[in-house]
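One structure below.
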Amino acid sequence: MEVRWALRSYRPIMAHTIRATGLRKRYGAVRAVDGVSLEAGEGEFLGVLGPNGAGKTTLLEMIEGLREPDEGEVTVLGLPVWPRNAALLPRIGVQLQATSFFERLTAREQLRTFASLYGASGARADAMLETVGLAAKADTRVEKLSGGQAQRLSIACALVHDPEVVFLDEPTAALDPQARRNLWDVLRAISTGGRTVVLTTHSMDEAETLCDRVAIMDEGRVLELGPPAALVRGLDVPARVSVPSGRLPRAEAAALPGALDAADDGVSLVVSTRDPAAVLAAMGARDALDGVQVRGATLEDVFLHRIGREYRA
Ligand SMILES: Nc1ncnc2c1ncn2[C@@H]1O[C@H](COP(=O)(O)OP(=O)(O)OP(=O)(O)O)[C@@H](O)[C@H]1O
Ligand SMILES: [Mg+2]
């Protein structure tokens, strides 16, 4: 069997926990997913990025076996996902973008119901409630939870049966900063434990922090697929060296060795350069390094470069 290496963890991973080939889905004239093939290995953390309407949710739902593709095939854990495969259900965890709960249950009852459907214990459900920080809301009815609390509960429902493959559609969209960091820790632990995680997000720092690889989608297609660091390195954009305004006149900064350009907005002087070391050395020689910051390209630059800056529908 083919063996690959997970970049983040340097563990050998078996290929193809998820294998999607030639997926297409149309809604009338809209090509929501327009020929996507991708794979994820055991223990891999895969991110799907893209503007609103790019096709992320449609793609995930086809991979989860919740939506029938017009064309193409998906296997998860070696099994076809469509028509719905009952053997797969206990082995995968799904958090949908639009949350829906059983009505009139409390948070604890909701999670225990999910747990019992998949043979997980009540104790495990209660522990999961604790993990997502909802123990204090255990007796609150689901319709009375705040948006972020409801999102945490839906994440707990996706994870309660310790699934081998986890799909999360914008899991951190409604979360406060602490909850977001806590969820990152939970997801990292799951991934390190050998579970495969697929997540969509609009947060580039989240993708950069968590994902072994990211797929950048637009208009139903995957434009880029690779480790975030490799995508960033492949992008030829200058670094930006900034110091507080007043350290150096703009014209002098623009003429420093290695400088391409300099701009000063009255708060910061920003020098763009492909040779930050040369610029830093020249600034140091002028005693102008106090408060310096150097910013290289990020995944957000890759995203904006590939997608452009116009609004999408
Ligand atoms: N059930 C549906 N019926 C008709 N059109 C749909 C349906 N679901 C999605 N679409 C269309 O398919 C396209 C892709 O939608 P999708 O929900 O997959 O995007 P997305 O990348 O998840 O966007 P977002 O970031 O806003 O969640 C959009 O143009 C959307 O209007
Ligand atoms: Mg979506």
**OP:** Any chance you could check the Cα centroid distance between segment 16-52 and segment 134-168 for me, in angstrom?
**Re:** 25
Original post:
Could you give the radius of gyration (one decimal) and Dmax (whole number) of the Cα atoms in segment 243-296, in Å?
Top reply: 9.6, 24
**OP:** Quote the relative contact order of the chain in percent (integer), defining contacts as alpha-carbon pairs under 8 Å separated by 6+ residues.
**Re:** 18
Original post:
Which value, in debye to the nearest 20, gives the size of the charge dipole of segment 198-313 about its Cα centre, when Lys and Arg are +1 and Asp and Glu are -1 at the Cβ?
Top reply: 160
Original post:
Given the Cα-Cα distance of Ala174 and Val237 and 0.36 nm per residue of separation, how much length would full extension add, in nm?
Top reply: 19.5 nm
Subject >> Net length gained if the chain between Thr192 and Ala135 were fully extended (0.36 nm per residue, minus Cα distance) >> reply: 18.0 nm
Original post:
For segment 218-313, what does the alpha-carbon gyration tensor say about shape, rounded, prolate or oblate, given a ≥ b ≥ c as the root eigenvalues, a/c under 1.5 as rounded, and a/b over b/c as prolate?
Top reply: prolate
Subject >> Pairwise Cα inverse-distance average, inverted: Kirkwood Rh of segment 183-234 (Å) >> reply: 11.9
Subject >> Inter-part distance where segment 98-121 and segment 261-300 are each reduced to a Cα centre, Å >> reply: 53
**OP:** May I ask you to list the lysines whose Cα is less than 20 Å away from that of Lys25, ignoring any residue fewer than eight positions away on the same chain?
**Re:** Lys56
**OP:** Using a 10 angstrom cutoff on alpha carbons, build the Gaussian network for the chain and name the most mobile of Ser154, Ser100, Ser191.
**Re:** Ser100
Subject >> Coil-residue chymotrypsin sites (Phe, Trp or Tyr not before Pro) of segment 52-136, DSSP, other Cβ within 10 Å capped at 11 >> reply: Phe102
**OP:** Calculate for the chain the 222 nm mean residue ellipticity that helices alone would give, adding -39,500 (n - 2.57) per DSSP H run of length 4 or more and normalising by residue count, nearest 500 deg cm²/dmol.
**Re:** -9000 deg cm²/dmol
**OP:** Return, for the Cα atoms of the chain, the radius of gyration and Dmax in Å, separated by a comma.
**Re:** 23.0, 69
**OP:** Treating only the Cβ atoms of Lys and Arg (+1) and Asp and Glu (-1) as charged, compute the dipole magnitude of the chain about its Cα centre; round to the nearest 20 debye.
**Re:** 440
Original post:
Which percentage, to the nearest 5, of the DSSP beta bridges contained in the chain is antiparallel?
Top reply: 70
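Every read-out reported here was derived from the displayed coordinates using simple, explicitly stated rules and does not represent laboratory data. Predicted model only: the values in this text are computed from it and were never measured. No Cβ is skipped: glycine too gets one built from the backbone with ideal geometry, and neighbour counts run over all protein chains shown.
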